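*Asks:* Dropping a structure here in structure tokens format, bear with me for questions.
Only the coordinates and a few stated rules stand behind these numbers; no lab work does. Fair warning: this is a prediction, and the values are worked out from it, not measured in the lab. FYI the Cβ positions are ideal-geometry reconstructions off the backbone, even for glycines, and counts take in every protein chain you see.
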Amino acid sequence: MILWIYYYIIRLVKFGGTMTINNKTKFPPLFSNNLPTHKGYFVNPVELKQVDRSVPSPVHRYQSGDACTVLFLSKRGMSRSPLAREVLREKISQSPFFGKYRVSSRGVTKAYDQCPIDGNLRTFADKIGYVLQGYSRFSTLPDTAQANLIIPLDHESDDFTKVHRNSIRGIVKPFGVFLPAGSSPYLEDPYNRDEDLEPEEIYNEILCSIRLGCSKILQAIPSMI
């Protein structure tokens, strides 16, 4: 009997059975201490490509980072300046200057900040292919400081540029400069029209002046900014 017990203990030690050392159970290792060398065991690490920040994002692929800014100003920013913005944007998109200039519009009266665009004008603009969305925005000092060309459309916005001339780094050209000689220096205020005039009549007059002036602006932009 003693021989059988001795023989059983020898086999456990020889073939990796469990043993007790100082009342602690020790099991044979599940994995070898040597890592497998077969090349199929490992996957090559993924190479991380560094993003090239010099390449513009696809969202801005039509507008370079150093695009010049044209800013239209009007009293409220609810009718004339948004319409002028869309007309000039259309002309730029059809010219060799596409992507080189950005166009924005602002109002110069704080009380009209975040007011809806004139509903009558929006309806009129829709009929001729211009989409006027959003709300009016009051012109802040950063707006005027960052603009390369500021175009006041009425005497209120022209006065605004004179009051804040110290914050303006670009060029200020009243809209009348781009109209034929003898024309009114400013666009009419659609809210101050005669009672016998329909809204579309005054809008048509304003649109004709804006289209004519924007054609001249597009020709003059390269020499000004």
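*Asks:* Pick from segment 184-204 the residues that are free of Cβ contacts under 8 Å to residues at least 40 places away in the same chain and surrounded by 15 or more Cβ atoms within 10 Å (Cβ to Cβ): which of them is nearest to residue 100 (Cα to Cα)?
*Replies:* The residue in question is 186.
*Asks:* Could you check, for segment 113-127, whether at least one of its residues is over 19 Å from residue 210 (Cα atoms) and either among the polar types (S, T, N, Q) or under 18 Å from the mean Cα position of the chain (by Cα) (or both)?
*Replies:* yes
*Asks:* Can you spot a residue in segment 71-81 that is exposed (fewer than 15 other Cβ atoms within 10 Å of the Cβ) and either at negative phi or without any contact (Cβ under 8 Å) to a residue 12 or more places away in the chain (or both)? Working first, answer last.
*Replies:* We begin by selecting, within segment 71-81, every residue exposed (fewer than 15 other Cβ atoms within 10 Å of the Cβ); these are none.
Within segment 71-81 (the criterion being exposed (fewer than 15 other Cβ atoms within 10 Å of the Cβ) and either at negative phi or without any contact (Cβ under 8 Å) to a residue 12 or more places away in the chain (or both)), the answer is no, since none of the residues qualifies.
*Asks:* Within segment 115-142, how many residues turn out to be surrounded by fewer than 18 Cβ atoms within 10 Å (Cβ to Cβ) and closer than 14 Å to residue 74 by Cα?
*Replies:* Counting residues in segment 115-142 that are surrounded by fewer than 18 Cβ atoms within 10 Å (Cβ to Cβ) and closer than 14 Å to residue 74 by Cα gives 4.
*Asks:* Pairs please, first residue from segment 146-169 and under 17 Å from residue 85 (Cβ atoms), second anywhere and charged (D, E, K, R) and surrounded by 14 or more Cβ atoms within 10 Å (Cβ to Cβ), Cβ atoms under 6 Å, 6+ apart in sequence or on different chains.
*Replies:* 151/173; 152/158; 153/80; 154/75
*Asks:* When you check residue 125 against the structure, is it touching a helix residue (DSSP H, G or I) at 6+ places or on another chain (Cβ under 6 Å), among the aliphatic types (A, V, I, L, M), under 28 Å from residue 193 (Cβ atoms) and touching a residue at least 24 places away in the same chain (Cβ under 8 Å), yes or no? It would help to see each step written out before you state the result.
*Replies:* Values: touching a helix residue (DSSP H, G or I) at 6+ places or on another chain (Cβ under 6 Å): no; among the aliphatic types (A, V, I, L, M): yes; under 28 Å from residue 193 (Cβ atoms): yes; touching a residue at least 24 places away in the same chain (Cβ under 8 Å): yes.
Judged against the criteria, residue 125 is not a match.
*Asks:* Could you please find all residues in segment 196-225 being of a type outside the set (A, V, I, L, M, F, W, C), out of contact with any Leu (no Cβ under 7 Å at 6 or more places or on another chain) and over 16 Å from residue 148 (Cα atoms)?
*Replies:* Start the filter on segment 196-225 by keeping residues that are of a type outside the set (A, V, I, L, M, F, W, C), which leaves 196, 198-201, 203-205, 209, 211, 213, 215-216, 219, 222-223.
Narrowing the set further to residues that are out of contact with any Leu (no Cβ under 7 Å at 6 or more places or on another chain) leaves 196, 198-201, 204-205, 211, 215-216, 219, 222-223.
Scanning segment 196-225 gives 196, 198, 199, 200, 201, 204, 205, 211, 215, 216.
*Asks:* For segment 170-208, give me the residue count where each residue is in contact with a helix residue (DSSP H, G or I) (Cβ under 6 Å, 6 or more places away or on another chain) and either assigned to a strand (DSSP E or B) or of a type in the set (Lys, Arg) (or both).
*Replies:* Result for segment 170-208: 3.
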